[in-house]
Amino acid sequence: MRAPKRGASLIHHRDRFDSKVRTIPLHSIVAQLLGPEGSSHHARVVARTTHDVDRRGAGGRAPGVEALFVYGTLMREGGAHHLLKGARFLGEGRTGPGYTLLDCGAWPALVERGHRAIWGEVYLVDAACFPALDAYEDAPELYQRVQRPVAPFGEVWVYLAPVDRAPWPSIERDRWKQP
């Protein structure tokens, strides 16, 4: 195996036979998967793959892709989930304490008041999808799209209702269920 170039992406791999951890250049793993070097297809895939990982970092996001926390109709079982077509589900997430869900009838609203940590889902969304999502959420008129910390994902986008324009009753739980 060749020595990795300076700044090359490395993968830490635990060998299943002797339990030793080895550091392997990403291009080497891709080369093993694609077969012998030399083909133009092989070179393009290796270059593109290693470049993408180098550009994003180990857990980073590609440019033009943003994390979004959803807690109502955009969730997997929600009536508007189709708007997230092509988005990648990352998992469930939870806000910190200090939020309340409001009952707006067929959908919830999230406001920054109260004492609850709210559960929802986090997706990686192409930034080009945000105009359609903003239109659905009536942002910035009804909701504001802002960045807030959501565990364990860090800062993500979330649609919040402004407290002063939120006359709906509170939902006394930490997650919304569709009626």
Lone unmet requirement of (1) free of Cβ contacts under 8 Å to residues at least 40 places away in the same chain; (2) part of a strand (DSSP E or B) for P97: (2)
For the range 100-179, please list each of the strands (runs of 3 or more DSSP E) lying entirely inside it that holds at least 2 residues being aromatic (F, W, Y) and in contact with a strand residue (DSSP E or B) (Cβ under 7 Å, 6 or more places away or on another chain). 119-126, 154-160
Report, ordered by the first and then the second residue, all pairs with beta carbons closer than 6 Å, sequence separation of six or more or different chains, a first member in the range 109-127 that is within 7 Å of Y99 (Cβ to Cβ), and a second member that is of a type in the set (D, E, K, R) and surrounded by fewer than 19 Cβ atoms within 10 Å (Cβ to Cβ). R116/D174; I118/D174
Is it fair to say A87 is under 29 Å from P169 (Cα atoms) and either crowded, with 18+ Cβ neighbours inside 10 Å or modelled with pLDDT of 95 or more (or both)? no
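The values are calculated or read from the model by the stated rules, or taken from the named source; none is laboratory data. Everything numeric in this text was worked out from a predicted model, so none of it was measured. Note that we place each Cβ from the backbone using ideal geometry, even for glycine, and neighbour counts take in every protein chain shown.
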